[in-house]
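**Student:** I have a structure I would like to understand better, so I am pasting it below and will then ask my questions one at a time.
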Ligand SMILES: NC(=O)C1=CN([C@@H]2O[C@H](COP(=O)(O)OP(=O)(O)OC[C@H]3O[C@@H](n4cnc5c(N)ncnc54)[C@H](O)[C@@H]3O)[C@@H](O)[C@H]2O)C=CC1
Ligand SMILES: O=C(CO)COP(=O)(O)O
């Protein structure tokens, strides 16, 4: 039987643990807080993040990383992106040689502008054949309710991607393989920032033309960044690109979208942060995405506008005006 350790008992870690269990894996879910871990083991429910979903007996929770990692085929990482380096540093010595590390995270590291797979390779000292990514239109609550969805499992080594695909394939969760790790990760990280922008437009009361424009031009700037970093441009037309962007930009379940909506409605940044209990990766990653773009000479005006609003306090109306008053261009630029 395939053994999986899932690190992070938040909404996506817990929902993905359910997917793995439904696909026939034995799953150990690692959490920081003993009360939550005990609650999962005794009630079969994660009361803080997915209270409506009952977990099967093949999911067990622990606070002990060594116990979670013992004999693991896959170690699935679902902690907030900015905490990965520190957490993984503590877990790395416990990782066995057969274990493949799987990132569920959709962020770019602040300061280094590194993708999560790069942080994993660096901190755990593993090669690309032991690092995989799962990314797609996968709002945790819908997956936990076993609503049909598809996703992408990416690894430079296709055989490893296929093993992971088999480990998480269920009647409601359909994973496709891809070897373009860079494209899949960029799709996931940048869509959170575009989701913030679309949320702002929603909050400002703007309509579907504005949203479609932000989504489409958002995908154009994501693709530009991807091309500069060696990604396959077709990835951005797939589930980890367009698919995830559409889900995030249209769903009230998206934390990034909701965060942007609150700002667009006129809530202050402090009020918006206080109203957000869960991880909205784009709030921090907008800065690291912009950093990555600048390091590579890529123009990302929507990302820049989001940074201006979220970190420089620029009013949303003014940021939108600045975007609309850019010089006229050919569509492919
Ligand atoms: N929720 C969703 O629908 C999806 C989320 N993701 C990605 O998955 C990643 C995790 O997100 P969620 O599970 O949704 O977040 P969440 O906010 O629901 O849960 C985060 C988890 O990390 C824990 N945590 C917070 N700070 C920590 C630290 N310093 N060290 C260790 N653990 C810490 C929290 O206690 C919680 O268990 C993010 O990168 C997100 O973009 C990807 C696809 C879908
Ligand atoms: O990544 C997601 C859906 O695929 C979840 O989006 P949020 O992090 O904005 O909730």
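**Student:** Applying the selection to segment 125-135, what residues are buried (at least 24 other Cβ atoms within 10 Å of the Cβ) and either more than 8 Å from ligand 1 (Cβ to nearest atom) or within 16 Å of residue 99 (Cβ to Cβ) (or both)?
**Tutor:** Initial filter on segment 125-135 (buried (at least 24 other Cβ atoms within 10 Å of the Cβ)): 131-135.
Passing the criteria: 131, 132, 133, 134.
**Student:** Then there's this: Does residue 260 satisfy the condition of being closer than 17 Å to residue 108 by Cα and more than 16 Å from the chain's Cα centre (by Cα)?
**Tutor:** Here the answer is no, as residue 260 does not meet what is asked.
**Student:** Yes or no: residue 247 within 12 Å of ligand 2 (Cβ to nearest atom) and either assigned by TED's automatic domain parsing to the domain that holds residue 113 or surrounded by fewer than 24 Cβ atoms within 10 Å (Cβ to Cβ) (or both)?
**Tutor:** yes
**Student:** Follow-up question, since we're still on this one. If the requirement is being in contact (Cβ under 8 Å) with a residue 40 or more places away in the chain and farther than 15 Å from residue 193 by Cα, which of these qualifies: 303, 310, 283, 298?
**Tutor:** Result: 298 is the single residue among 303, 310, 283, 298 that is in contact (Cβ under 8 Å) with a residue 40 or more places away in the chain and farther than 15 Å from residue 193 by Cα.
**Student:** So residue 303 fits all but one of (1) crowded, with 16+ Cβ neighbours inside 10 Å; (2) in a loop (DSSP other than H, G, I, E, B); (3) touching a helix residue (DSSP H, G or I) at 6+ places or on another chain (Cβ under 6 Å); what number is the exception?
**Tutor:** Result: residue 303 fails condition (2) only.
**Student:** Within segment 153-182, which residues are in a loop (DSSP other than H, G, I, E, B), surrounded by 17 or more Cβ atoms within 10 Å (Cβ to Cβ) and within 16 Å of ligand 2 (Cβ to nearest atom)?
**Tutor:** 168
**Student:** Which of the following residues is touching a strand residue (DSSP E or B) at 6+ places or on another chain (Cβ under 7 Å) and either in the same structural domain as residue 13 (by TED's automatic domain parsing) or surrounded by fewer than 24 Cβ atoms within 10 Å (Cβ to Cβ) (or both): 297, 266, 230, 238?
**Tutor:** Being touching a strand residue (DSSP E or B) at 6+ places or on another chain (Cβ under 7 Å) and either in the same structural domain as residue 13 (by TED's automatic domain parsing) or surrounded by fewer than 24 Cβ atoms within 10 Å (Cβ to Cβ) (or both) holds for just one of 297, 266, 230, 238, which is 238.
**Student:** Additional query: Mind listing whichever residues of segment 250-276 are under 22 Å from residue 135 (Cα atoms) and within 14 Å of ligand 1 (Cβ to nearest atom)?
**Tutor:** 250, 251, 252, 253, 254, 255, 256, 257, 258, 259 - these are the residues of segment 250-276 that are under 22 Å from residue 135 (Cα atoms) and within 14 Å of ligand 1 (Cβ to nearest atom).
**Student:** For segment 44-152, please list each of the helices (runs of 4 or more DSSP H) lying entirely inside it that holds at least 1 residues being more than 21 Å from the chain's Cα centre (by Cα), away from ligand 2 (no atom under 16 Å from the Cβ) and in contact (Cβ under 8 Å) with a residue 60 or more places away in the chain.
**Tutor:** The qualifying helices (runs of 4 or more DSSP H) are 65-69.
**Student:** When you scan segment 21-28, do you find a residue that is closer than 13 Å to residue 168 by Cβ, assigned to a helix (DSSP H, G or I), assigned by TED's automatic domain parsing to the domain that holds residue 170 and within 21 Å of the chain's Cα centre (by Cα), even just one?
**Tutor:** yes
**Student:** Does residue 227 satisfy being more than 16 Å from ligand 2 (Cβ to nearest atom), assigned to a helix (DSSP H, G or I) and at negative phi?
**Tutor:** Yes, satisfied.
The values are calculated or read from the model by the stated rules, or taken from the named source; none is laboratory data. Values in this document were obtained by computation on a predicted structure and should not be read as measured data. So basically every Cβ, Gly included, is an ideal-geometry build from the backbone, and we count neighbours across all protein chains shown.
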